[in-house]
Amino acid sequence: MGGSASTTRTLEIENPNVITLSDKVVERLRGQEQSVPVDHGSLSLPAFVQPSSLQIQRVVQQELDENDKRWEQRFRHINDSQNAQNRKVEIEYKRTYESVKKLLPQIGDGALSKIVKENENNLLDCLAKNNGAPLNCTDTIKDYQRVLFQSTNQQI
């Protein structure tokens, strides 16, 4: 296919057919880890060395440590993201609280003005009469809002 030609090796087996293998095929069969000794007269398989239990324990422990590190990093990342989100929510809450505080009237001595209180009672009565149909009280809600915001503007 390209610039380098592979050399072929011939293995003879008791079978009268001849098998030819290129070096690349031999390397793929070896898995590039174990060397396969090739005799021209016979095929011999490599002896596989089994790792000791201590070696297996070391490898397993290393993998567990790496896994723990990955999960610790992920936990830190998620925790940092959650803290940042909490800060954003808190800032937005404070901003909303300040804007509502500006819009709603201050309650002096723990009581609303008589007009606001009357409109509030009218609204509560309307909502009680129209249980499950709050849209029937739209005009009463608008009146309550108008009175409420007028009292706010008067105080500012």
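Just so it is clear, none of the values below were taken in a lab; they were calculated from the coordinates. The structure displayed is predicted, hence computed values, not measured ones.
By how many nm would the segment from D139 to E98 lengthen if fully extended, with 0.36 nm per residue of separation less the alpha-carbon distance?
The span from D139 to E98 would gain 12.0 nm if fully extended.
Convert each backbone phi in the range 82-96 into a coupling constant with the Karplus relation 6.51 cos²θ - 1.76 cosθ + 1.60 (shift: θ = phi - 60°), then list the ³J(HN,Hα) values in order as whole Hz, x for Gly and Pro.
Residue by residue, the range 82-96 yields 5, 5, 5, 5, 4, 5, 4, 5, 5, 5, 5, 4, 4, 4, 5 Hz.
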